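Chemist: Before we start, here is the structure in question, set down as structure tokens.
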Amino acid sequence: MQAMPAGSLVVLAVMLPVAAATLAPLLGARGAQRAIVLGLLPASLAVAAAIAAAVLRTGAAIPVHVGGWAPPLGIAFGADGLSAAFLLTGAVVMGATAIFAGRTGLGAAAGTGRAPLAFWTLLPALWAGVNLAFVANDLFSVFIALELLTFGAIPLVCLDGSRETLAAALRYLMFALLGSVLWLLGVALLHGTYGVLDLVLLRGAVRPDAATILAAVLMTVGLLAKAAVFPLHLWLPAAHAGAPAAVSAVLSALVVKAAFFLLVRLWFGTLPALLTPALAGLLAALGAAAILVGGVMALRQARLKLLVAYSTVAQLGYLLLMWPLVLATGPEGAGAWLGGVLQAVSHALAKAAMFLAAGLIAAALGDDRVAALGPAGRAVPLSVLAFALAGLSLMGIPPSGGFTAKWLLLGAAIETGQWWWALVVVGGGLLTGGYLYRVLSSAIGGEGEATAAVPLAPQAVALGLAVLSVGLGMLPLYSFGLVQVGRPGMAP
Amino acid sequence: MTAPYALLAAALVGLGLHGVLAHAEPLRRLLAFNLLGSGVFLVFGVVARRGAAAGLEADPVPQAIVITGLVVAFAATTLAVALLLRLHGGDPPQD
């Protein structure tokens, strides 16, 4: 009986945003906005916090059999420490973005006609998608989560209806559809081989035979396309840079992270029997290439939002470095695991802050060319400060969440004798420093005048997210015990 | 008995994948994606038939997945066509 309330919390985490998305068209843009900011936001934060507290208190994952039906017949959800950490991050970023969008609107082009209603309907739909990805425990629910994310994200990318963003949305759609159909093909092969869809049952049954390996490859490629991992990142910069600031923040902070989260679940949770050092090394090599290519491309961008989008490509690369490091440190090595998760969380907070700040800077100056950022330091000092603080976390300067994450990855690389990954971490940090220096040196102390006034409240939202991302690094490491609950390989 | 269908499914998946990856025109890629999707649904059909048990003609779980998959593929196709029409069709984008 004790598990019942915690279990219903996990279901609520998905159903609250679904309810909001369903009601939004009836309420209209204004009403939906109010319902989301005043209702969904505090409720979701409370639910995520309660799930985290329950996971911490019991030291075990919360299992949920939806409708009381146990797998293999029923559908299982579940929340372990990893789910709880991501649910909390999602609630903070989504909530901050909703407050931001409520205060600023969506910009001149996207602020009229049906666009606001589409935004306030699809934002909770995306929220439902990411939360479902974080708690889904079977292959088919994951497919639903992936589709919710696709259908929520693509109309948001082309909210302003310009030719540029329509083309970006179409390209994104092609990659996303390829990703889901590959995932679905993998599901067919696994169900044909084992007759189950449940991730836990599958873990116990899985054998390294041809069908399983083919399924694993298909599903991994599908998720890599959705997570925009090099070389499948080609859709990301135009889509993330072209969308309104509030949309870019959610897409870059959470939507691509959901695919990463599922990749972690798939490999460490369900298919560890197939995870060889060579394969882990291949994934990390893709990550390393993403860090270098994304960093160099970010250095060369003339427009601020494109620079920030390429920075996302690079920062996603760090997440893949986790694979060989977690594998090599074995069951007792918690450092690399925490490093990967902390990188995902601190990047989510920092990148949301950065996109919101970049949007405000562009709104104040009427221009988002990096070379023309001169008046930003005087016109919107808080936004520039938010951008700079978020940048510290992305670079990995202490004390910040990004520093702790990269330090843990670096330490794990050296301890396990894989020093080449340490070189990548350091090199990526230097590239990040380079493109941030370009922005900040242009934004501080330049000539020129701002063309529009920007209110204080949205600037404070961006700054708040940046401070959180930095603040993660000031917490002592033992306070992240939550992330380790239910870690694969850990004794229950 | 399911072997011809399995081979046909593999052929559809192969053709579809080739079409999606090798062609640049969005409409051809969209059609190829639908071909690929049909191949995947046929794989589920084969899986369902081979999983027949408890007196049923076929395992109902893969069939349920196919129904969901069809709906999703249809919705995705309409979304892609809507984007294509806005980009290239009579209704001009709001530049």
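Quick grid of which residues meet (1) open to solvent by 10 Å² or more (accessible area, probe 1.4 Å); (2) charged (D, E, K, R); (3) more than 7 Å from every other protein chain (Cβ to nearest Cβ):
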position	(1), (2), (3)
A:Leu156	no, no, yes
A:Glu164	yes, yes, yes
A:Ala169	no, no, no
A:Arg203	yes, yes, yes
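Chemist: With (1) within 11 Å of chain B (Cβ to nearest Cβ); (2) touching a residue at least 60 places away in the same chain (Cβ under 8 Å); (3) aromatic (Phe, Trp, Tyr) as the list, and A:Phe230 as the residue in question, which single condition is left unmet?
Modeler: Just one mismatch for A:Phe230, condition (1).
Chemist: Being surrounded by 14 or more Cβ atoms within 10 Å (Cβ to Cβ) and either in a loop (DSSP other than H, G, I, E, B) or over 14 Å from the mean Cα position of the chain (by Cα) (or both) is the requirement here; does B:Leu85 meet it?
Modeler: no
Chemist: Would you confirm whether any residue within region A:58-66 is open to solvent by less than 30 Å² (accessible area, probe 1.4 Å), within 25 Å of A:Phe260 (Cβ to Cβ) and at pLDDT below 90?
Modeler: The answer is yes, given that some residue of region A:58-66 is open to solvent by less than 30 Å² (accessible area, probe 1.4 Å), within 25 Å of A:Phe260 (Cβ to Cβ) and at pLDDT below 90.
Chemist: Among the numbered conditions (1) under 24 Å from B:Asn34 (Cα atoms); (2) open to solvent by 10 Å² or more (accessible area, probe 1.4 Å); (3) within 12 Å of chain B (Cβ to nearest Cβ); (4) of a type outside the set (D, E, K, R), tell me where A:Leu190 comes up short.
Modeler: Going through the list (1) under 24 Å from B:Asn34 (Cα atoms); (2) open to solvent by 10 Å² or more (accessible area, probe 1.4 Å); (3) within 12 Å of chain B (Cβ to nearest Cβ); (4) of a type outside the set (D, E, K, R), A:Leu190 breaks only (2).
Chemist: Quick check on my filter: what residues within region B:40-72 are facing chain A (nearest Cβ under 8 Å) and open to solvent by less than 50 Å² (accessible area, probe 1.4 Å)?
Modeler: If the condition is that a residue be facing chain A (nearest Cβ under 8 Å) and open to solvent by less than 50 Å² (accessible area, probe 1.4 Å), then B:Val40, B:Val43, B:Phe44, B:Val46, B:Val47, B:Gly51, B:Asp59, B:Pro62, B:Ile65, B:Thr68, B:Gly69, B:Val72 are the ones that fit.
Chemist: Return the residues of region A:187-217 that are over 26 Å from A:His65 (Cα atoms) and among the acidic types (Asp, Glu); say none if nothing qualifies.
Modeler: Listed by number, the list holds a single entry, A:Asp209.
Chemist: Given (1) surrounded by fewer than 22 Cβ atoms within 10 Å (Cβ to Cβ); (2) facing chain A (nearest Cβ under 10 Å); (3) at pLDDT 90 or above, where does B:Leu15 come up short, assuming only one miss?
Modeler: (2)
Chemist: Moving on to the next point. Which of the numbered conditions does B:Ala9 fail, given that it passes all the others? Conditions: (1) within 11 Å of chain A (Cβ to nearest Cβ); (2) free of Cβ contacts under 8 Å to residues at least 12 places away in the same chain.
Modeler: (2)
Chemist: Still on this structure, I have one more. Of the conditions (1) surrounded by fewer than 23 Cβ atoms within 10 Å (Cβ to Cβ); (2) within 11 Å of chain B (Cβ to nearest Cβ), A:Leu184 satisfies every one except a single condition; which number is it?
Modeler: Unmet for A:Leu184, out of (1) surrounded by fewer than 23 Cβ atoms within 10 Å (Cβ to Cβ); (2) within 11 Å of chain B (Cβ to nearest Cβ): (1).
Chemist: Suppose we filter A:Gly359, A:Gly401 for residues that are out of contact with any Cys (no Cβ under 7 Å at 6 or more places or on another chain), under 22 Å from A:Ala241 (Cα atoms) and touching a residue at least 40 places away in the same chain (Cβ under 8 Å); which single one remains?
Modeler: A:Gly359
Chemist: When region A:417-440 is examined, which residues are found to be within 26 Å of A:Gly281 (Cα to Cα) and open to solvent by 40 Å² or more (accessible area, probe 1.4 Å)?
Modeler: Hits for region A:417-440 are A:Gly417, A:Trp419, A:Trp420, A:Leu423, A:Val426, A:Leu430.
Chemist: Right, next: Can you tell which of A:Val345, A:Val326 is of a type in the set (A, V, I, L, M, F, W, C), at pLDDT 90 or above and open to solvent by 10 Å² or more (accessible area, probe 1.4 Å)?
Modeler: A:Val345
Chemist: Also, I was wondering about something else. B:Arg28 versus (1) more than 10 Å from every other protein chain (Cβ to nearest Cβ); (2) surrounded by 17 or more Cβ atoms within 10 Å (Cβ to Cβ): which is the lone unmet condition?
Modeler: With respect to (1) more than 10 Å from every other protein chain (Cβ to nearest Cβ); (2) surrounded by 17 or more Cβ atoms within 10 Å (Cβ to Cβ), B:Arg28 is out only on (2).
Chemist: Given the criteria under 19 Å from A:Ala258 (Cβ atoms) and either at pLDDT below 90 or of a type outside the set (Asp, Glu) (or both), does A:Leu373 qualify?
Modeler: So A:Leu373 fails the test.
Chemist: Say whether the condition of being open to solvent by 10 Å² or more (accessible area, probe 1.4 Å), within 25 Å of the chain's Cα centre (by Cα), under 27 Å from A:Lys305 (Cβ atoms) and not polar (S, T, N, Q) is met by at least one residue in region A:441-458.
Modeler: Yes, some residue in region A:441-458 is open to solvent by 10 Å² or more (accessible area, probe 1.4 Å), within 25 Å of the chain's Cα centre (by Cα), under 27 Å from A:Lys305 (Cβ atoms) and not polar (S, T, N, Q).
Per-residue answers, yes or no, for (1) in contact with a Phe, Trp or Tyr (Cβ under 8 Å, 6 or more places away or on another chain); (2) open to solvent by less than 20 Å² (accessible area, probe 1.4 Å); (3) without any contact (Cβ under 8 Å) to a residue 40 or more places away in the chain:
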| site | (1), (2), (3) |
| --- | --- |
| A:Leu12 | no, no, yes |
| A:Leu23 | no, no, yes |
| A:Leu26 | no, no, yes |
| A:Ala32 | yes, yes, no |
| A:Ala35 | no, no, yes |
| A:Pro72 | no, no, no |
| A:Ala76 | no, yes, no |
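Chemist: When the residues of region A:270-288 are filtered to those that are of a type in the set (Gly, Ala, Ser) and open to solvent by 30 Å² or more (accessible area, probe 1.4 Å), which remaining residue is farthest from A:Ala413 (Cα to Cα)?
Modeler: Checked region A:270-288; the qualifying residue farthest from A:Ala413 (Cα to Cα) is A:Ala273.
Chemist: Of everything in region A:220-229, what is among the hydrophobic types (A, V, I, L, M, F, W, C) and under 16 Å from the mean Cα position of the chain (by Cα)? Give them in sequence order.
Modeler: A:Leu223, A:Leu224, A:Ala225, A:Ala227, A:Ala228, A:Val229
The values are calculated or read from the model by the stated rules, or taken from the named source; none is laboratory data. Since the structure is predicted, the reported quantities are computational estimates derived from the model, not experimental observations. Cβ: placed from backbone, ideal geometry, glycine included. Neighbour counts: every protein chain shown. Note: areas computed on protein heavy atoms with side chains; ligands, DNA, RNA excluded. Shrake-Rupley method; radii C 1.70, N 1.55, O 1.52, S 1.80 Å.
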